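Notes for the one structure printed next.
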Amino acid sequence: MSALHLLVTGCKGRMGQAVIAAAAAQGVTVSATMDVGDPLLPALSQSTSVIDFSSYHFTDELLTACLEQKKSLVIGTTGHTTEQLARIREASLSLPIVFASNYSVGVNTLFWLTRKAAELLGPDFDLEVLEMHHRMKKDAPSGTARTLVEILADVRGLEYDQDCRHGRFGDVGARTPKEIGVHAIRGGDVVGDHTVIFANVGERVELTHKASSRDTFAGGAVRAARWLEGKPAGLYDMQDVLGLK
Ligand code: NAD
């Protein structure tokens, strides 16, 4: 029997609720939940592992508490600053952490296909990423879009911070061959759509993933928490969990 006892943070949110349901479906015990205004430490002490889908404003407090109490951590929250990303990396020297911008099997396949397509198509193809999410989403671009741009940048020898172009407005001039465009669309109740466009003169390849249920992310996050049991300290992603590396 699994010794896994989960704390679900951001438990009242869309993803928190989906994670609680996914844990029940996979026979995993949720021993504690918390949301804004609830004390973290007592909830954490009842658990062996945390699944967090809350807000990046909460990440620093959560990392400190997990380091103090030596709890493993599955981070689903997105929108972190560069400094916070460095703190997550630093915490993973002492704790096992799965950190993925997207926990669905389909999107992780899209990550793999994106790398392959970028390698095969070569530098003549212009690279653009489109994402669409529901009207309540707070951060932009989505963490998944950021991962897609990072994969493209890695293949091309570019840098996310320097070469990513967030939307275009006004007299911006012609597209440069180095830039990778990323565009965030918001509206309705869209769970998450991502398209990677490879455009050359005379032809275009588009890779698209559309999520129609949060259950796919939630189920993946619970699977990640189960996979993480007994793993040494380190920073893992969903490709590790799925054995795609
Ligand atoms: P949501 O707004 O529905 O829920 C967030 C919850 O977190 C709310 O209940 C809120 O009260 C709570 N929260 C905020 N600050 C908190 C704090 N300081 N302490 C405790 N709880 C706090 O949002 P959502 O749609 O559930 O998304 C949550 C996060 O997960 C976002 O960052 C989103 O981008 C990300 N997300 C990631 C994936 C993935 O696969 N990695 C998938 C979907 C969403």
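The values are calculated or read from the model by the stated rules, or taken from the named source; none is laboratory data. Values in this document were obtained by computation on a predicted structure and should not be read as measured data. Here the Cβ positions follow ideal geometry from the backbone for every residue, glycine too, while neighbour counts run over all protein chains shown. Protein only, heavy atoms only, side chains kept; ligands, DNA and RNA dropped before computing areas. Shrake-Rupley method; radii C 1.70, N 1.55, O 1.52, S 1.80 Å.
List of remarks:
- Comparing L67, L152, L130 in a Gaussian network model of the chain where C-alpha atoms under 10 Å apart are linked, the largest mean-square fluctuation is found at L67.
- One quarter of the surface of the convex hull around the alpha-carbon atoms of region 24-66 equals 3.3 nm², the direction-averaged projected area.
- Exposure check, 1.4 Å probe, all protein chains in place: S101 carries approximately 30 Å² of accessible surface.
- Over the residues of the chain, the helix contribution to mean residue ellipticity at 222 nm works out to -11500 deg cm²/dmol, using -39500 (n - 2.57) for each DSSP H run of at least 4.
- Dipole in debye (nearest 20) - region 105-211, about Cα centre, beta carbon charges: Lys, Arg +1; Asp, Glu -1: 320
- Between the helical axis of 14-25 and the longest alpha-carbon principal axis of the chain there is an angle of about 60 degrees.
- Descending principal axes extents, region 57-110, alpha-carbon based, whole Å: 35, 21, 17
- Annotation: amide H of V30 within the under-5 Å range of L6, sequence separation 5 or more or interchain, hydrogens built in the peptide plane.
- Set of lysines with alpha-carbon distance to K137 below 20 Å, sequence-local pairs under 8 removed: K12, K210
- Built from the Cα atoms of the chain, the convex hull projects on average onto 13.9 nm², one quarter of its surface area.
- Among residues other than V190 with Cβ under 12 Å from its Cβ, the summed charge is +2 (Lys and Arg +1, Asp and Glu -1).
- Helix 82-91 axis versus longest C-alpha principal axis of the chain: approximately 40°, rounded to the nearest ten.
- Using heavy atoms of the protein chains and a probe of 1.4 Å, the accessible area assigned to I20 is about 60 Å².
- Choice from G234, G187, G37 with maximal GNM fluctuation in the chain (Cα, 10 Å cutoff): G37
- Residue-wise HN-Hα couplings along region 210-220, as the Karplus relation 6.51 cos²θ - 1.76 cosθ + 1.60 with θ = phi - 60° gives them from phi, are 10, 9, 10, 8, 6, 4, 5, 6, 5, x, x Hz; Gly and Pro carry x.
- For the chain, size of Cβ-based charge dipole, Lys and Arg +1, Asp and Glu -1, in debye: 500
- Between V36, V201, V172, the Gaussian network model of the chain with springs among Cα atoms under 10 angstrom shows the greatest mean-square fluctuation at V172.
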